[in-house]
2 protein chains.
Amino acid sequence: MSEPAQDPVQTPDNPTEEVFHDDEGKPISKKAFKKLQKDKEKAERKAATAAKIAAEKAERDANQVDCSKEQKRYGKLPMNQSHSRTDTKFEDINTINASRAGETVTVRVRVQTSRPTGGKMCFFVFRQGVSTIQGIIAADDKTISKQMVKFCADITPESIVLVEGKIVKPEEEVKSCTISCAELAIEKIHIVSDVSVRLAFSLDDATRPESAFEQDPELPRVNLDTRLNNRVLDLRTTTNHAIFRLQSAVCMLFREFLIERGFMEIHTPKLIGAASEGGSNVFKVSYFKTSAFLAQSPQLYKQMCIAADFGKVFEIAPVFRAEDSNTHRHMTEFMGLDMEMAFNEHYHEVLEVLEELFVYLLSNLKERFAKEIEIIKKQYEFEEFEFLPKTLRLSFKEGVQMLRDAGVEVGEFEDLSTANERFLGKLVKEKYHTDFYVLDKFPLAVRPFYTMPDPENPGYSNSYDFFLRGEEILSGAQRIHDADYLTERAKAHEIDPSTIQPYIDAFKIGAPPHAGGGIGLERVVMLFLGLGNIRRSSLFPRDPKRLEP
Amino acid sequence: MSEPAQDPVQTPDNPTEEVFHDDEGKPISKKAFKKLQKDKEKAERKAATAAKIAAEKAERDANQVDCSKEQKRYGKLPMNQSHSRTDTKFEDINTINASRAGETVTVRVRVQTSRPTGGKMCFFVFRQGVSTIQGIIAADDKTISKQMVKFCADITPESIVLVEGKIVKPEEEVKSCTISCAELAIEKIHIVSDVSVRLAFSLDDATRPESAFEQDPELPRVNLDTRLNNRVLDLRTTTNHAIFRLQSAVCMLFREFLIERGFMEIHTPKLIGAASEGGSNVFKVSYFKTSAFLAQSPQLYKQMCIAADFGKVFEIAPVFRAEDSNTHRHMTEFMGLDMEMAFNEHYHEVLEVLEELFVYLLSNLKERFAKEIEIIKKQYEFEEFEFLPKTLRLSFKEGVQMLRDAGVEVGEFEDLSTANERFLGKLVKEKYHTDFYVLDKFPLAVRPFYTMPDPENPGYSNSYDFFLRGEEILSGAQRIHDADYLTERAKAHEIDPSTIQPYIDAFKIGAPPHAGGGIGLERVVMLFLGLGNIRRSSLFPRDPKRLEP
């Protein structure tokens, strides 16, 4: 309301003379003053009416909030302490499609993004694992209030919400979501768990393909360290969900294949009394009043199981390496997929099992996990993995010859450097069109003490490595099963036999000839998917500089 | 040959006088001397003839050796270095039965016992894993020489031999072997790997049932420490083969059940930056220039995977406890079978999955591993394991009441002692006829800081334990998924939140309500099979006093 017009000023020295002024204090006539007053009163009445109307509208608006609120259509739920069960069906969003249009469903989803438009609508991308679906809410002043829409617009990305909504067939495909032929018209939305901190990065930024930066180098890029420092958030990307589904699959397929062939799963100790296998690169543990060491591999123990007649064994377990290597392919803790097997006549019986295992692994990954591979490919854009139905097996000698033919200077009995490994992989790929091959008969000198020498070619041994995209992912060999010869070879490698006495003793009571191998799980996943860094295929990687999270 | 009789002594001082002496130097007559000489010559000729006959027999015997030797029917093979492949079929002895009588097969077996009889025959018990078969060899002077039989008799038990033999249907069942309807008539036998030391015990002694000692307390008993000190030998018993087949099966069934229900396998780090969960009982590791700790459980990491939206996860991995407990059920390293799962409304959704998992596990062990169970039962003589198709679930309060009704003094909010656990198990078994049940709603004070309190009953929590034969084998709960409340509860347990910051941070970016549990693999196997000591269900057990073999 505007200030009332000034009253006529009565000056004490002129009490009877009426003087009239206008709003700015200028003297005016009595008539003019009266008119002014009437106008003002009219304006006041008008303002009062407007205020009344506004108040009534506010009251109506307030009633409209109640319509959503009273029907308990939105809000934040109290912390779930398992008060009760309603047996509501919580849908997997992957079951939602256009043919179910009209159905009302309940879903619990993560808010990936929210985009309010004009105060009356809000669009969501909801996420569940590797899948996304669009959600829409629009105020209608009957069931959905503007307040409810505002509540939606304020939900922080990465909050978990419980949504009840009607399945709607959108006018055009929702290209931004994995579920493109259906969306959810939100009828109820409640926050189950919200975000109380600023996110280190958005999931959109963390999922961006490498190629996008070529087009626009200004786009925010989430580097690996930032990802690993905020690993839980980073793991939520559809890419990471797919990577770890695939990691899980590799273990499953490894076991499937071996259990089918009569292998037995074993669990060997990681705490060991003496630093075996030479004693370098081993972590020391305080063990009550003495010290223990962390096993660098289950090698000696899986062989002891063979000496105990278990015949065919495998183990999936962490292995620990105290190597101060800060490369793209080294970690201090990684998962070893190990197998060991007694053979009848020739270690190639075992090598064949391992080759078949890999063909099984690679072909089943491609067939059964095509969806996950596609998702990862969107971000990492790797080349299709090629392999042969019958694995290519070259001798080390042949490998050296191929390198020499290509102009690389390399010694006959010299181990392959990482660069030479990769280059050989390239040569093999060009010549044989495979990203997977085996190199057999490595030089004896570059292998561990327990490796069986080749019986005919001095300087070589009954050992092999497997390569994926030019990098080693499996190392294996026939092992020495004769106690005296094993002792001799240990000494030749400057290993004190007394530090591995229980291992050597195992062969004094008779052991069959045997061979085996160990696979680095994270390397297989990294190389198959072309991830470029082993930390991307480990949930919570450990290296000399990282022990957290 | 005997010494020739003494020549007549010619003394220089009496050259012409002939003096005759007998063998003892007494003078005798010339005639007597002549007779003596004749007798001697006769004896010499007789001896020569005997020698000739013996030599001829030896030559014949030597020829007989050749018959076996020339046909290369026995001997010790050189160390197998994978010289060649003959593609001989090596049979599994389990495929041998009376219907194959007459067939010649090749088997590689362990000699469990050998029993020579009368120099012309030898009986063997041959072993392959959990199976045994009788082998017989008898000299026939045509193909099987006595020398070959002697070679057989000299083979040390536990040597590995390659046997070619004919399948024979024995006149009566061979009760001492698992394969009783067939035996092997040995035609060739070669040692693949022999035993170069005195065995610490015989496999027969190590496999003897407890009841045998009741009948004859003088029988050699192999105690647990001797077994563990000579673990490779001990592991060869049919009982141990069956125990570890069963241990392997528990892991397989655990995974089978969970993978079928959409669970994902994870691998979380065992090397951690800070001592979590209170910091006691944790092993410290030298980690380059700093220290790390060994994870006491995957608890915090599996929950972080839930915060990363993995939904349903499991892990099979070693866990480490630096507890100086020297009991029948504690080890410093054991296998944890862990699962964690987001739920929609109530933690009982998860509890139900765990209960179903156990019913699946127990029933499949009984059905699919009946043979192994029978073998173990022969030595350990445990009672049949009883369980209900729908798991019995009691509240902690009900458990306490049952104990009180039975006269045990126990506090309302007091944790169960091992003795009370067992006694309650006995009461439950009497009343409900089950060796497996669940206790729900433990007192809050006796559970870890991250346990969700019961929303209605102060002092209790949303947590549970599973029991097999009255001992705890699973511990689990709904976890707190709210970062602020988690911090508050950590502090209440005197845990510095900064030591578990990455864990708490995971819940600041939104997490669904979730619950889970961890199973001790070796405990499940020990209790299901009534082994009485957890070291019997661990390949190479670790306790405060044992780090080897």
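Read-outs: derived from the displayed coordinates by stated rules, not from any lab. Here the structure is a predicted model, which means the values were calculated and not measured. Here the Cβ positions follow ideal geometry from the backbone for every residue, glycine too, while neighbour counts run over all protein chains shown.
Shown here for region B:345-383: GluC sites (Glu not before Pro) in loop regions (DSSP other than H, G, I, E, B) with at most 11 other Cβ atoms within 10 Å, namely B:Glu381, B:Glu383.
With bins 20 Å wide beginning at 0, the percent of Cα pairs of chain B falling in each bin runs 16, 36, 24, 13, 6, 4, 1.
Can you list which of the DSSP-assigned H helices in chain A have a Cα extent of 30 Å or more along the long axis and an average Kyte-Doolittle score of at least -0.5? TM-like helix candidates: A:238-260. Ordering A:Leu439, A:Thr88, A:Cys122 by Cα displacement along the dipole of the protein assembly as shown toward the positive end leaves A:Thr88 in first place; charges were set at the Cβ atoms of Lys, Arg (+1) and Asp, Glu (-1).
Dipole magnitude for region A:422-549: computed about the Cα centre from +1 point charges on Lys and Arg Cβ and -1 point charges on Asp and Glu Cβ, it is near 660 debye.
Take A:Glu488, push a point 7 Å out from Cα through the beta-carbon direction, and compare it with the same point in every other copy: 7.3 nm, smallest first. Of all lysines in the structure, those lying under 21 Å Cα to Cα from B:Lys69, and not within fewer than 8 positions of it along the same chain, are B:Lys57, B:Lys120, B:Lys142, B:Lys146, B:Lys150, B:Lys166, B:Lys188. Counting only other chain Cβ atoms within 10 Å of each residue's Cβ, the peptide B:346-356 averages 2. With R₀ fixed at 45 Å, the C-beta to C-beta distance from A:Thr117 to A:Lys89 puts the FRET efficiency at about 0.90.
Adding -39500 (n - 2.57) for every DSSP H run of four residues or longer, then dividing by how many residues chain B holds, sets the calculated 222 nm ellipticity at -10500 deg cm²/dmol.
When A:Glu384, A:Glu44 are arranged by Cβ crowding within 10 Å, least crowded first, meaning fewest neighbours, the order is A:Glu384, A:Glu44. Among the GluC sites (Glu not before Pro) within region A:71-161, those in coil by DSSP and having at most 13 neighbouring Cβ atoms inside 10 Å are A:Glu103. Going from the alpha-carbon gyration tensor of region A:136-203, what semi-axes, largest first and in whole Å, does one get by taking the root of 5 times each eigenvalue? One finds semi-axes of 22, 19, 10 Å for region A:136-203. Projecting the Cα atoms of B:Val410, B:Tyr74, B:Ala308 onto the dipole axis of chain B, where Lys and Arg carry +1 and Asp and Glu carry -1 at the beta carbon, places B:Tyr74 farthest toward the positive end. For region B:239-344, just say rounded, prolate or oblate: build the C-alpha gyration tensor, square-root its eigenvalues into a ≥ b ≥ c, call rounded for a/c under 1.5, and beyond that prolate if a/b exceeds b/c, oblate if not. In terms of gyration-tensor shape, oblate.
Charge dipole (Cα centre; +1 on Lys/Arg Cβ, -1 on Asp/Glu Cβ; no other charges) of region A:93-237 amounts to roughly 440 debye.
Convex hull volume of the Cα atoms of region B:373-487, normalised per residue: 134 Å³. Between A:Ala511, A:Ala206, A:Tyr450, the Cα set farthest toward the positive side of the dipole of chain A (charges on each charged residue's Cβ, about the Cα centre) is that of A:Ala206. Take each residue in A:302-310, count the other chain C-beta atoms within 10 Å of its C-beta, and the mean is 6. Placing R0 at 45 angstrom, the Cβ-Cβ distance between B:Val408 and B:Ala492 gives a FRET efficiency of 0.90 after rounding to 0.05. In nanometres and ascending order, the distances from the A:Tyr432 label point to those of the other copies are 6.0 (point 7 Å from Cα along Cα→Cβ). Here each label is just a point 7 Å from Cα along the line to Cβ, and for A:Lys46 and B:Ala200 those points are 10.7 nm apart. For the Cα trace of the protein assembly as shown, dividing Rg by the Kirkwood Rh returns an Rg/Rh value of 1.18.
Estimated from the Cβ-Cβ distance and a Förster radius of 60 angstrom, the FRET efficiency linking A:Ser211 and B:Asp141 is about 0.10.
Of all lysines in the structure, those lying under 24 Å Cα to Cα from A:Lys312, and not within fewer than 8 positions of it along the same chain, are A:Lys270, A:Lys302, A:Lys390, A:Lys441, A:Lys508, B:Lys89, B:Lys366, B:Lys371.
To the nearest whole percent, what portion of all C-alpha pairs in region B:238-537 is separated by more than 37 angstrom?
So the pairs more than 37 Å apart make up 13 percent of the total in region B:238-537.
Just to be sure I understand: of the beta bridges DSSP finds with both ends in chain B, what percent are antiparallel, rounded to 5? Close to 85 percent.
Its Cα centre serving as origin, region B:238-537 has a Cβ charge dipole (Lys and Arg +1, Asp and Glu -1) of approximately 900 debye.
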